[in-house]
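Q: Before anything else, here's the structure in question.
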Amino acid sequence: MIKIIRNNILLFLNLVFFGQIIAAQQKIKLPALVSDNMVIQQSAEIHIWGWAEKNKTVEIIPSWTNTLFTVNSDGDGKWKTTIKTPTAGGPYTIRLKSKEESITLKNVMVGEVWLASGQSNMEMPIKGYTSEPINGNNELILHSKNPNIRMFKVNRNSSLQPVEDCMGTWKEAGPENTADFSAVAYVFAQKINRVLDIPVGIIHSSWGGTPVEAWTPKEAMDRAVTAEEKSTFRYNQVKKKREQDAPSQLFNGMIYPLLNYNIKGVIWYQGESNILHPKVYQKTFPLMIKSWRQLWNNDLMPFYYVQIAPFGRYGKVNSAQLRETQLKTMDLLDHVGMAVTLDIGENQSIHPAEKIKVGERLSYWALAKDYDIQGIQFSGPVYKSHEVDGNKILVSFDHAIVGLSSYGASLNDFEIAGKDRVFHPAKAKILRNGIVEVHSEKVSTPIAVRYGWKNLLTGTLFNTFGLPASSFRTDNWED
């Protein structure tokens, strides 16, 4: 008798359990990104998507139009529809309804949405890392309360296959949240918000110490990257392998789930993990950019990135070659831009404390190029050309419309070489017409000049808008 009762109880519990599963399958499920407090892209055809019972109708009513949109789930229960958004504003609600239930998304803002990605310098929160501070972080946190700035941090996930969803929540800027926001991404958002007076949402997806190939789709690399080039990938060279370094696995787990979400553009801070193979990075970095643009169906999607900063502990590797690769990327692709950090590197820390400057310099690119803010400069001086004048080399620059300045510092870290290809420290001075004159008493007939061609320095060459020049060289000799 006791056994019969026990079996009946188990049967009842199983029926309840499976009944809950069936009920759950009938309910609307939304991806983590599509939730309360989200920011959606203004004046755009955005996607709303999710899951429900298969072959059922889902109704959607956004409060900015009160228009009913309907979409049918497919045989797997997936559904996706497109809705036009208004100009910036809010807060709004979005009501979703099926036969079984109704969900209302609350406190939804319409504005500008940017993806922030990369490795630890993008991941670095405003509160800093242990014994590695962010300059000015206490003031950033203290004055950060602003419901028109929001950030969604994608939880770390390395995956062998593309996944459809991620974990994370939208959070409003405020002292209780902001300390954990990406410092670079927050400053970027803050500047856009203040200048344009519109909501800004940041989707933050980064993982410290990871190489670019981990963020690149497998299909793109299989088409464009040779076996020899793939052999240089960190994951293929080290004995102690980390899954987050494996090609494509961070794209699968932390970018693929975002592809349905409409974004304005991308800010990116990465490169330190690829310094050993700058020539391969010259292919894989633009490849990643192009593949993301293709997957977001926007061949000119803005992509602004940070050039890696000087650092004193790279050893024998010359990180200037990777910086050169990043500089050349601006010549390879349209609608990309680089924020230079040659003036803010540190000897002991690969994580510069001057993150406010980095975020601001990225924002100048977006404000000038994408939001048509006139009168500002967005790039530091970029090497344009040079000519030999006796024992001197005269170097010209783009992005120096009112000339150049060292802001009172000595103009250091220039080198010059003759036909023997031996570089000697050189004296440099800025001429009134925005040209730098370089010479060395040890080189009577110079043919090449370099600036900042080493791991650790403090850049001293700027335009008159306070933006630093990148390191560069006029030769293409093997070091």
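Q: Does residue 363 satisfy being part of a strand (DSSP E or B) and polar (S, T, N, Q)?
A: Considered against the rule, which asks whether it is part of a strand (DSSP E or B) and polar (S, T, N, Q), residue 363 comes out as no.
Q: Which residue is farthest from residue 394 (Cα to Cα), if the candidates are limited to region 410-430 and must be open to solvent by less than 50 Å² (accessible area, probe 1.4 Å) and hydrophobic (A, V, I, L, M, F, W, C)?
A: Within region 410-430, the match that is farthest from residue 394 (Cα to Cα) is 423.
Q: Assuming residue 316 fulfils every condition listed in (1) in a loop (DSSP other than H, G, I, E, B); (2) touching a residue at least 24 places away in the same chain (Cβ under 8 Å); (3) surrounded by fewer than 24 Cβ atoms within 10 Å (Cβ to Cβ) apart from one, which condition is it?
A: Checking residue 316 against (1) in a loop (DSSP other than H, G, I, E, B); (2) touching a residue at least 24 places away in the same chain (Cβ under 8 Å); (3) surrounded by fewer than 24 Cβ atoms within 10 Å (Cβ to Cβ), the one that fails is (2).
Q: What number goes with the only condition from (1) within 23 Å of residue 191 (Cβ to Cβ); (2) without any contact (Cβ under 8 Å) to a residue 60 or more places away in the chain; (3) of a type in the set (Gly, Ala, Ser) that residue 359 does not pass?
A: So residue 359 meets the others, but not (2).
Q: Hey, among the residues in region 274-313 that are of a type in the set (Lys, Arg) and surrounded by fewer than 19 Cβ atoms within 10 Å (Cβ to Cβ), which one's modelled with the lowest pLDDT?
A: 313
Q: Looking at 388, 443, 438, which is the one that is among the hydrophobic types (A, V, I, L, M, F, W, C), open to solvent by 70 Å² or more (accessible area, probe 1.4 Å), modelled with pLDDT of 95 or more and over 17 Å from residue 340 (Cα atoms)?
A: Just a single option satisfies the conditions, and that option is 388.
Q: Let me ask something else. Of 106, 153, which residue is surrounded by 20 or more Cβ atoms within 10 Å (Cβ to Cβ), under 30 Å from residue 59 (Cα atoms), of a type in the set (D, E, K, R) and in contact with a strand residue (DSSP E or B) (Cβ under 9 Å, 6 or more places away or on another chain)?
A: 153
Q: Sticking with this structure for a sec: Just a yes or no: is a residue in region 110-129 farther than 26 Å from residue 307 by Cα, more than 22 Å from the chain's Cα centre (by Cα) and in contact (Cβ under 8 Å) with a residue 12 or more places away in the chain?
A: No, there is no match, as no residue in region 110-129 is farther than 26 Å from residue 307 by Cα, more than 22 Å from the chain's Cα centre (by Cα) and in contact (Cβ under 8 Å) with a residue 12 or more places away in the chain.
Q: Same structure again: Taking region 186-209 on its own, how many of its residues are open to solvent by less than 10 Å² (accessible area, probe 1.4 Å) and either under 13 Å from the mean Cα position of the chain (by Cα) or among the hydrophobic types (A, V, I, L, M, F, W, C) (or both)?
A: Total satisfying the criteria: 11.
Q: Between 67, 93, which is at negative phi and part of a strand (DSSP E or B)?
A: 93
Q: Looking only at region 366-394, count how many residues are in a loop (DSSP other than H, G, I, E, B), more than 20 Å from residue 434 (Cβ to Cβ) and either hydrophobic (A, V, I, L, M, F, W, C) or touching a residue at least 40 places away in the same chain (Cβ under 8 Å) (or both).
A: As a first pass, look at region 366-394 and keep what is in a loop (DSSP other than H, G, I, E, B): 370-381, 390-391.
With more than 20 Å from residue 434 (Cβ to Cβ) added as a condition, the list becomes 370-374, 390-391.
Subsequent filtering for residues that are either hydrophobic (A, V, I, L, M, F, W, C) or touching a residue at least 40 places away in the same chain (Cβ under 8 Å) (or both) retains 370-371, 373, 391.
Within region 366-394, residues that are in a loop (DSSP other than H, G, I, E, B), more than 20 Å from residue 434 (Cβ to Cβ) and either hydrophobic (A, V, I, L, M, F, W, C) or touching a residue at least 40 places away in the same chain (Cβ under 8 Å) (or both) number 4.
Q: Keeping to region 467-479, report how many residues are under 27 Å from the mean Cα position of the chain (by Cα) and open to solvent by 30 Å² or more (accessible area, probe 1.4 Å).
A: Final tally of qualifying residues: 1.
Q: Right, residue 329: of a type in the set (Val, Ile, Thr), touching a Pro at 6+ places or on another chain (Cβ under 9 Å) and assigned to a loop (DSSP other than H, G, I, E, B) or not?
A: Working: of a type in the set (Val, Ile, Thr): yes; touching a Pro at 6+ places or on another chain (Cβ under 9 Å): yes; assigned to a loop (DSSP other than H, G, I, E, B): no.
Criteria not met by residue 329.
The values are calculated or read from the model by the stated rules, or taken from the named source; none is laboratory data. All values reported here derive from a predicted model rather than from experimental measurement. As a convention, Cβ positions derive from the backbone with ideal geometry for all residues, glycine included, and neighbour counts pool all protein chains shown. Surface areas here come from the heavy atoms of the whole protein model, side chains and all, with no ligands, DNA or RNA. Shrake-Rupley method; radii C 1.70, N 1.55, O 1.52, S 1.80 Å.
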